[in-house]
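Every read-out reported here was derived from the displayed coordinates using simple, explicitly stated rules and does not represent laboratory data. Computed from a predicted model, the values in this text were never measured in an experiment. Note that we place each Cβ from the backbone using ideal geometry, even for glycine, and neighbour counts take in every protein chain shown.
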Amino acid sequence: MTDQFLNMAKTSWKEREKRKRKSVEKYAALRAELKAKGDYLALSQLPRNASPVRLSNRCRVTGRKRAFLREFQMSRLTFRELACAGLIPGVTKASW
């Protein structure tokens, strides 16, 4: 294995994302109701992490935020490395 896989996502990042997701779920109905009413003052009083915009996708292997491939739930770097090693079923390197 390469040293990239030894560099796993920090636990604090994972836990922070879990808390954000829980907060978004908790306030989803209230946010929708306030938006429908047009009560933006009350909407602004909700916690910041209640907004779904604050959620971010992270690579399941390394925790990288950028260049995230949704279909595989990992970053492009991790994807490329695993695909070249033949560890992702059904993925082959194109050659023509």
The one condition in (1) in contact with a strand residue (DSSP E or B) (Cβ under 7 Å, 6 or more places away or on another chain); (2) more than 22 Å from Tyr27 (Cβ to Cβ) that Val91 fails to fulfil: (1)
Could you please let me know if Leu87 is free of Cβ contacts under 8 Å to residues at least 12 places away in the same chain, over 17 Å from Trp13 (Cα atoms) and not aromatic (Phe, Trp, Tyr)? yes
Could you grab me the full set of residues in region 31-77 that are basic (Lys, Arg), out of contact with any Lys or Arg (no Cβ under 8 Å at 6 or more places or on another chain) and in contact (Cβ under 8 Å) with a residue 12 or more places away in the chain? Arg31, Arg60, Arg70
